[in-house]
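Contents: one structure, followed by commentary.
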Amino acid sequence: MMAASLATSARGRFITFEGGEGAGKSTQIKLLAERLDATGLRTVVTREPGGSPGAEIMRHLVLSGMGKLLGSATESLLFAAARADHVKLVIEPALERGMWVLCDRFADSTRAYQGYAGEVDPKFLDALERVTIGNLKPDLTIILDLPIETGMRRAAERRGKGPPDRFEDEAAGFHQKLRDAFRQIAEREPDRCVLIDAEGEPAIVAGRVWTALRDRLLTQAPAAEAISA
Ligand code: TYD
């Protein structure tokens, strides 16, 4: 009994990062993890699709372009299968151990990529969410927002001479839809989501991310007094 109640009170926080291609999520997650680690919180950085051995195999499948052959609805099933494994094997156990989980993309990416841009019925995605993530909702979702031209340029610089992956290869209209979708999600769920301007130097954007997190999660946390701005 005692152990169970202690574990519950020490549950970690679940923070997801979302945005279109080249938004700078991985850079920002790394900077945030370093900052949280410096405050004494324990962090786990993970990503989707992937994050667990089984889900990494599914990542390879979808990003290789195979998902495109199956169509967006079936592709959502692959993302959902990967997510179910990731939640069960990595995210939930880490939260239960009191870790702060920082995840590069989560269910909002399925909503934006397969739902809004891929035109998969939202009710179908609701059903998938019920079986894959149940009641697990992020405590905070950081949505990195920037003009699609900037994002596409950054993504092209990052990959150098390599070929674009399944989603980088989509036309500009697709990327505009993604941006609109993420902005709508932020507007619809203001308690969970914060839209961050992702243009500018990484350190400047990191400052915006930190302010959002501090205001929303650290002011009520027990350790808040020990953490300075
Ligand atoms: P990744 O190389 O991780 O790209 P990024 O740096 O943009 O996150 O590739 C993940 C791709 O998978 C990305 O294009 C978004 C897409 N995706 C979906 O379409 N649906 C999903 O549910 C998830 C998690 C990702």
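Nothing in this text is a laboratory measurement; each read-out follows from the coordinates by a stated rule. Being a predicted model, the structure only gives us computed values, none of them experimental. Quick reminder, even Gly has a Cβ in these numbers, built from the backbone with ideal geometry, and neighbours come from all protein chains shown.
Working only within region 73-87, note down all residues that are more than 9 Å from the ligand (Cβ to nearest atom), surrounded by 15 or more Cβ atoms within 10 Å (Cβ to Cβ) and of a type outside the set (A, V, I, L, M).
85, 86
Need the failing condition index for residue 107 against (1) surrounded by 18 or more Cβ atoms within 10 Å (Cβ to Cβ); (2) more than 9 Å from the ligand (Cβ to nearest atom), just the number.
With (1) surrounded by 18 or more Cβ atoms within 10 Å (Cβ to Cβ); (2) more than 9 Å from the ligand (Cβ to nearest atom) applied to residue 107, the lone miss is (2).
Tell me which residues, restricted to region 47-72, are surrounded by 19 or more Cβ atoms within 10 Å (Cβ to Cβ) and over 24 Å from residue 163 (Cα atoms).
Answer for region 47-72, where residues must be surrounded by 19 or more Cβ atoms within 10 Å (Cβ to Cβ) and over 24 Å from residue 163 (Cα atoms): just 52.
Is it the case that some residue within region 44-57 is part of a strand (DSSP E or B), near the ligand (Cβ under 10 Å from one of its atoms) and in contact (Cβ under 8 Å) with a residue 12 or more places away in the chain?
First pass over region 44-57, keeping only residues part of a strand (DSSP E or B): 44-47.
Those left that are additionally near the ligand (Cβ under 10 Å from one of its atoms): 47.
With in contact (Cβ under 8 Å) with a residue 12 or more places away in the chain added as a condition, the list becomes 47.
Checked against the condition, which is being part of a strand (DSSP E or B), near the ligand (Cβ under 10 Å from one of its atoms) and in contact (Cβ under 8 Å) with a residue 12 or more places away in the chain, region 44-57 yields at least one hit.
When you scan region 110-127, do you find a residue that is within 10 Å of the ligand (Cβ to nearest atom), within 17 Å of residue 15 (Cβ to Cβ) and charged (D, E, K, R), even just one? Outline the logic, then answer.
Taking region 110-127 as the starting set, the residues that turn out to be within 10 Å of the ligand (Cβ to nearest atom) are 110-115, 117-118, 125.
Right, trim to within 17 Å of residue 15 (Cβ to Cβ) and you get none.
Within region 110-127 (the criterion being within 10 Å of the ligand (Cβ to nearest atom), within 17 Å of residue 15 (Cβ to Cβ) and charged (D, E, K, R)), the answer is no, since none of the residues qualifies.
If you take the residues in region 16-43 that are outside any helix (DSSP H, G or I) and more than 16 Å from the ligand (Cβ to nearest atom), which one is surrounded by the fewest Cβ atoms within 10 Å (Cβ to Cβ)? Lay out the reasoning, then the answer.
At the first step, the residues of region 16-43 found to be outside any helix (DSSP H, G or I) are 16-24, 39-43.
So of that shortlist, the ones also more than 16 Å from the ligand (Cβ to nearest atom) come out as 39-43.
Details: 39: 16, 40: 9, 41: 18, 42: 12, 43: 20.
Filtering region 16-43 for residues that are outside any helix (DSSP H, G or I) and more than 16 Å from the ligand (Cβ to nearest atom), the one surrounded by the fewest Cβ atoms within 10 Å (Cβ to Cβ) comes out as 40.
Which fully enclosed helices (runs of 4 or more DSSP H) of region 66-173 have 1 or more residues being under 28 Å from residue 43 (Cβ atoms)?
Working: elements: 66-70, 72-86, 92-96, 122-132, 148-159.
Those helices (runs of 4 or more DSSP H) span 72-86, 92-96, 122-132, 148-159.
Spot the failing condition for residue 145; the list is (1) near the ligand (Cβ under 9 Å from one of its atoms); (2) in contact with a Lys or Arg (Cβ under 7 Å, 6 or more places away or on another chain); (3) charged (D, E, K, R); (4) farther than 24 Å from residue 163 by Cβ, and only one is missed.
(1)
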